[in-house]
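Below is one structure, written out as structure tokens; the observations come after it.
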Amino acid sequence: MQRTELLQLCATACSEAFPNEVLATVISRILGTILSRETDHIEIQTQGGVVYEVEVPLTVLTRLPLVGSTLELRTAQVVTDSSMALYGFLDVHERRLFQRLLNASGVGPKLALTMMSTYSSERLARALVEKDVTALQQVNGIGKKKAEKIALDLADKVDDLVLVTPSSPESVGVAQEAVQALVALGYSFGDADDAVRAVLEAGAPNDTEDLIRRALAS
């Protein structure tokens, strides 16, 4: 039996045993040579000659080596009633965040990939922990109500994936207000968020106005 047939047989068994569920335990890593790179996926050929198509978020794609290079990806295999797909990441924290995103109501693999294409895994985890609805709304396909629901579902489930010490509730509110003010002044959300985070890392501001003033001066 060919390997592709084995994979399909496994996928069928999984979907029958766990209908409407997502699983991420079949193929955990792929080591091989990059054959092609597209905007949302790559093809990677293993030493045995098997070629896998692996979907990757933009934050991963931009860090991958060139076509022809050897690469090891940590993968999550998602099996549903109608499809089977592989999603690839460079480290275990990224894969773990992707898997936990799938536990949120209304978040499927495509939306989870979009979320991880918009933000780095650490920044996205921080937005969830801080219930930063404004940040989550920057993701295509997420409105205010959905952002609030996702944050509610995951805020206490991804705190171990935030690589920096979570901010206090007071400083979180100040940061969000400052970002919103900078966006109102014409900043893109990404630039505003970067400027505010840079100020906070340099030292705690006195209040929101001080934070905005220092972000504008940076």
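The values are calculated or read from the model by the stated rules, or taken from the named source; none is laboratory data. Predicted, not measured: the structure shown is a model, and the values here were computed from it. A quick note on method: Cβ atoms are made from the backbone with ideal geometry, for glycine too, and the neighbour counts reach across all protein chains shown.
Of all the residues in the stretch 179-218, those that are of a type outside the set (D, E, K, R) and farther than 24 Å from Thr118 by Cβ number 8.
Looking at the stretch 96-120, which of the residues that are aliphatic (A, V, I, L, M) and part of a helix (DSSP H, G or I) is surrounded by the fewest Cβ atoms within 10 Å (Cβ to Cβ)? Only one residue tops the list, namely Leu111.
Filtered by the rule that a residue be modelled with pLDDT of 85 or more, under 29 Å from Arg95 (Cβ atoms) and surrounded by fewer than 13 Cβ atoms within 10 Å (Cβ to Cβ), the stretch 157-204 gives a lone residue, Asp160.
For (1) under 28 Å from the mean Cα position of the chain (by Cα); (2) without any contact (Cβ under 8 Å) to a residue 12 or more places away in the chain, each residue gets a yes or a no:
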{"site": "Ser188", "(1), (2)": "yes, yes"}
{"site": "Ala192", "(1), (2)": "yes, no"}
{"site": "Arg197", "(1), (2)": "yes, no"}
{"site": "Asp210", "(1), (2)": "no, yes"}
{"site": "Arg213", "(1), (2)": "no, yes"}
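Table: residues versus (1) acidic (Asp, Glu); (2) at pLDDT below 90.
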position: Thr4; (1), (2): no, yes
position: Thr12; (1), (2): no, yes
position: Ser15; (1), (2): no, yes
position: Glu21; (1), (2): yes, yes
position: Val60; (1), (2): no, no
position: Gln77; (1), (2): no, no
position: Tyr87; (1), (2): no, no
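Which condition from (1) in the same structural domain as Ile142 (by TED's automatic domain parsing); (2) under 12 Å from the mean Cα position of the chain (by Cα) is the one that Ala104 breaks? Single failed check for Ala104: (2). Taken together, the criteria exclude Lys131 from residues that are surrounded by 15 or more Cβ atoms within 10 Å (Cβ to Cβ), of a type outside the set (Gly, Ala, Ser), modelled with pLDDT of 95 or more and over 24 Å from Arg74 (Cα atoms).
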